[in-house]
Amino acid sequence: MLSYFITRIAQAIVVVFAMSVIVFVGVFAIGNPIDVMIDPGATQAIREKLIAQYGLDQPLVVQYWTFLRNVFAGDLGTSMVYNIPVVDLVFSRFPATLELVAVSVLIAVGVGIPAGLWAGYRPDSIGAKLVMALSVLGFSVPTFWIGMLLIMGFAVELGWLPSGGRGDEATFLGVSSSLFTPDGWSHVIMPAINLSLFKMGLMIRLTRAGMVEAMGTDYVKFARAQGLPDRQIVFRHILRNISIPIVTVLGLELGSTLAFAVVTESVFNWPGVGKLIIDSILQLDRPVMVSYLIMVVILFVLINLVVDLVYARLDPRVRLKGGA
């Protein structure tokens, strides 16, 4: 297990380094932020002063080396728009995104896996077919359109929930969050449902497929022949055996949801990291763009690392192959 862990750590470092080069070059190629920052009527002297201030007059290799050196010193740069350190800016928005993602994943797992188990346990029932039809909607209907329907129905027509923004915060055990207040839940529930629909459909279909396949296996027939109740067979044996692909997909989806909750945050005006990156792209705030994208890469690498370790724990054959 230790050799497998060391191998995966080494692979993760190589991936992060390679992606940092790709991200830096890609952001460098999309335009000069000075063109957006300064007034078109500014003099050439002012323009050159700003270019030199941000080090944009240096060759790309020198800029990348300076960036790497600052990263190892714990400095991801300063936002050109907000004029505050990028780390402070991103982490000031991160709690809002984390709340939204946590609630959406809870909804997706809490509804998707039981519904998938039921759909696989009774695949020919009307309830199972209805569940599968709803899962198709989760895949097919655009997120922004569902978001607007939710706002129109529950905020505009019924007036039950606020249409956007983040609710009041409260502090519990030193942690400040809007999830500790009723007003916070009234704000987060609608965008969280909107964000969870795709993952919920994925969980339903993945769990159902594993359940249908497992129901025909010999160990299930043997367990039934021994007189074990179906509840015990499903939750103690089948769910454990089909958990590997579910854990893998859930880990990848968690990363993508954290990194790309952009559409939902924009529709519901949720003050998270997704909305920050959209604003930064529009304003060509290069330090924020580069730092955010590299943090996303590191997040995905860490999630994949954890998933692989869990995978290796569930199936010893994986770590034997990976550590060889």
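The values are calculated or read from the model by the stated rules, or taken from the named source; none is laboratory data. Not measured: the values here are computed from a predicted model. With ideal geometry, Cβ positions are generated from the backbone for all residues, glycine too; neighbour counts draw on all protein chains shown. Accessible surface areas use protein heavy atoms only, side chains included; no ligands, DNA or RNA. Shrake-Rupley method; radii C 1.70, N 1.55, O 1.52, S 1.80 Å.
A few remarks follow.
- Filtered residues of the range 137-159 (kept if in contact (Cβ under 8 Å) with a residue 60 or more places away in the chain and in contact with a helix residue (DSSP H, G or I) (Cβ under 7 Å, 6 or more places away or on another chain)): Gly138, Phe139, Thr143, Phe144, Gly147, Met148
- When the test is whether a residue is of a type in the set (A, V, I, L, M) and either within 16 Å of Phe268 (Cβ to Cβ) or modelled with pLDDT under 85 (or both), Val105 does not pass it.
- Residues that are under 30 Å from Asn269 (Cα atoms) and either touching a Lys or Arg at 6+ places or on another chain (Cβ under 9 Å) or surrounded by 14 or more Cβ atoms within 10 Å (Cβ to Cβ) (or both), drawn from the range 108-133: Ala108, Val109, Val111, Gly112, Ile113
- When Pro162 is tested against (1) closer than 20 Å to Gly110 by Cα; (2) out of contact with any Asp or Glu (no Cβ under 8 Å at 6 or more places or on another chain), only condition (1) is not met.
- Of the helices (runs of 4 or more DSSP H) lying entirely inside the range 78-159, those carrying at least 3 residues that are closer than 19 Å to Ile246 by Cα are 86-121, 126-140.
- Number of positions in the range 90-107 that are of a type in the set (Ser, Thr, Tyr) and buried (at least 20 other Cβ atoms within 10 Å of the Cβ): 2
- Failed item, numbered, when Val16 is tested on (1) assigned to a loop (DSSP other than H, G, I, E, B); (2) surrounded by 11 or more Cβ atoms within 10 Å (Cβ to Cβ): (1)
- Of residues in the range 154-198 being open to solvent by 50 Å² or more (accessible area, probe 1.4 Å) and among the hydroxyl-bearing types (Ser, Thr, Tyr), the one farthest from Ser266 (Cα to Cα): Thr171
- Some residue of the range 224-233 being within 23 Å of Ser135 (Cβ to Cβ), open to solvent by 60 Å² or more (accessible area, probe 1.4 Å) and assigned to a helix (DSSP H, G or I): no
- Those residues of the range 143-153 which are open to solvent by 50 Å² or more (accessible area, probe 1.4 Å) and under 15 Å from Ala192 (Cα atoms), in sequence order: Thr143, Phe144, Trp145, Met148, Leu149
- Ile46 being among the β-branched types (Val, Ile, Thr), surrounded by 12 or more Cβ atoms within 10 Å (Cβ to Cβ) and either touching a helix residue (DSSP H, G or I) at 6+ places or on another chain (Cβ under 9 Å) or over 15 Å from Ser291 (Cβ atoms) (or both): yes
- Filter pass, Ala115 being farther than 30 Å from Ala170 by Cα, touching a residue at least 24 places away in the same chain (Cβ under 8 Å) and small (Gly, Ala, Ser): yes
- Being surrounded by 15 or more Cβ atoms within 10 Å (Cβ to Cβ), closer than 25 Å to Ala108 by Cβ and not β-branched (Val, Ile, Thr) holds for only one residue in Asp308, Asp285, and it is Asp308.
- Taken over the range 48-74, the criterion of being modelled with pLDDT of 80 or more and part of a loop (DSSP other than H, G, I, E, B) is satisfied by Gln58, Pro59, Ala73.
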